[in-house]
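Trainee: Please see the structure below; I have some questions.
The values are calculated or read from the model by the stated rules, or taken from the named source; none is laboratory data. Since the structure is predicted, the reported quantities are computational estimates derived from the model, not experimental observations. Reconstructed Cβ throughout: ideal geometry from the backbone, glycine too, with neighbour counts over all protein chains shown.
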Amino acid sequence: MIPSTTGRTIDLAEVSQGILSGQRVVPASFTEKQPEHDTAWAEKLNITERISTFTTEHPCCASRVSNIHRAADILQNQIIEPGEVFSLNERLGPRTVERGFVEAGAIAEGNKFVDDVGGGVSQIATTLYNTMFFAGLEDVSHTPHSLYISRYPMGREATVNYPNLDLQFRNDSNSGVLIRAAYTDTSITFAFYSSSEGRVVTSTEPTVTARYPAGAETIKTPFLPKGTTKSEDGYDGFSVVYSRTVERPGQEPARREWTWRYDTLDAKTYVGTG
């Protein structure tokens, strides 16, 4: 650990007044500034080891990858203090072009596929959720996708949309948590550094409990030339369940179960009448 040091700052308002008044030589005085977080604060966090890590993969070079990398850069080296509730929307802020995000594919309300600034950030949410899951931290709020995406663990995933759909979890340990992010053209990885405090995490793999096959629908449309067709794939729906048990020294094991049902989306064939 690199110890904190006291800094120095200049009263810029005082200097600006001198410059604006035409002075060729402007005296400036330094004042000491204490670090926002000092050595004692860092030592109290008790960050000594990696307690969890998780990686998800994605195809290379799509515009959504730029959003994944931008979000990972924002989260790099952030600290979650003991007792603090982490909010992904709060930490990332609005996904706008001005803040370095781009337009990419996303799933909108009603299971519609649209382009949206910040599309792809849900992969950050899923990767971060699983890192939290295997660290044994407290799940406060998360929402899986409405349609299953095969690059994620069934059910054990999360989506976000600023500002109303969030991923939140609490650092319910006595040590701080440091977030580290790493990425390639085809993957994103998060790792949490903290102290395990003897915490042991075990889990069951997601298990499908029911399936709901997609149907097929034919739709006539004047927006295609007569005699031509256009097809859209359907999505099977299913229900899934998984659980996690967290053991702590001197406490009863804490087991929690999660369930989720993915929507069914019928395949569509559009037949032109135009």
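Trainee: For the range 15-46, how many residues are touching a Lys or Arg at 6+ places or on another chain (Cβ under 8 Å) and either hydrophobic (A, V, I, L, M, F, W, C) or within 30 Å of Ile179 (Cβ to Cβ) (or both)?
Mentor: Total meeting the criteria: 2.
Trainee: Suppose the filter is within 29 Å of Tyr212 (Cβ to Cβ) and among the charged types (D, E, K, R); does Arg70 pass it?
Mentor: No; evaluated as a whole, the condition is false for this residue.
Trainee: In addition: Between a first residue in the range 107-127 that is under 11 Å from Ile68 (Cα atoms) and a second residue that is at pLDDT below 90 and outside any loop (DSSP other than H, G, I, E, B), which pairs have beta carbons less than 8 Å apart while being 6 or more apart in sequence or on different chains?
Mentor: Here the result reads Gly118/Ala106; Gly119/Gly105; Gly119/Ala106; Gly120/Gly105; Gly120/Ala106; Ser122/Ala106, each pair linking the range 107-127 to a residue that is at pLDDT below 90 and outside any loop (DSSP other than H, G, I, E, B).
Trainee: Can you find a residue in the range 93-100 that is at pLDDT 95 or above, buried (at least 18 other Cβ atoms within 10 Å of the Cβ), more than 11 Å from the chain's Cα centre (by Cα) and in the same structural domain as Ala158 (by TED's automatic domain parsing)?
Mentor: Scanning the range 93-100 turns up at least one residue that is at pLDDT 95 or above, buried (at least 18 other Cβ atoms within 10 Å of the Cβ), more than 11 Å from the chain's Cα centre (by Cα) and in the same structural domain as Ala158 (by TED's automatic domain parsing).
Trainee: Using the structure shown, decide if Ala72 is assigned by TED's automatic domain parsing to the domain that holds Gly176, under 23 Å from Arg156 (Cβ atoms) and at pLDDT 95 or above.
Mentor: Criteria met by Ala72.
Trainee: Further, regarding this structure: Scan the range 226-247 for residues that are modelled with pLDDT of 95 or more and not small (Gly, Ala, Ser) and report the count.
Mentor: So the answer is 8.
Trainee: Restricting attention to the range 13-38, report how many residues are outside any loop (DSSP other than H, G, I, E, B) and loosely packed, with under 10 Cβ neighbours inside 10 Å.
Mentor: 4
Trainee: If you check every pair at least six apart or on different chains, which have Cβ atoms under 7 Å apart with a residue in the range 39-64 that is part of a helix (DSSP H, G or I) first and a residue that is of a type in the set (D, E, K, R) second?
Mentor: Final answer for the pair search is Ser63/Glu103.
Trainee: Hey, can you tell me all the residues within the range 65-78 that are assigned to a helix (DSSP H, G or I) and either without any contact (Cβ under 8 Å) to a residue 60 or more places away in the chain or farther than 17 Å from Asp115 by Cα (or both)?
Mentor: Result: Ser66, Asn67, His69, Arg70, Ala71, Ala72, Asp73, Ile74, Leu75.
Trainee: Follow-up. Which condition breaks for Ile47 when tested against (1) at pLDDT below 95; (2) aliphatic (A, V, I, L, M); (3) closer than 28 Å to Gly136 by Cα?
Mentor: Just one mismatch for Ile47, condition (1).
Trainee: Then there is this: Show the residue pairs that are 6+ apart or on different chains and have beta-carbon atoms under 9 Å apart, the first residue being within the range 158-170 and among the basic types (Lys, Arg) and modelled with pLDDT of 95 or more, the second being in a loop (DSSP other than H, G, I, E, B) and surrounded by fewer than 17 Cβ atoms within 10 Å (Cβ to Cβ).
Mentor: Listed by first residue and then by second, the contacts come to Arg170/Gly83; Arg170/Glu84.
Trainee: Ok, one more. Go through the range 27-57 and count every residue that is under 30 Å from Ala125 (Cβ atoms) and touching a helix residue (DSSP H, G or I) at 6+ places or on another chain (Cβ under 6 Å).
Mentor: Qualifying residue count for the region: 4.
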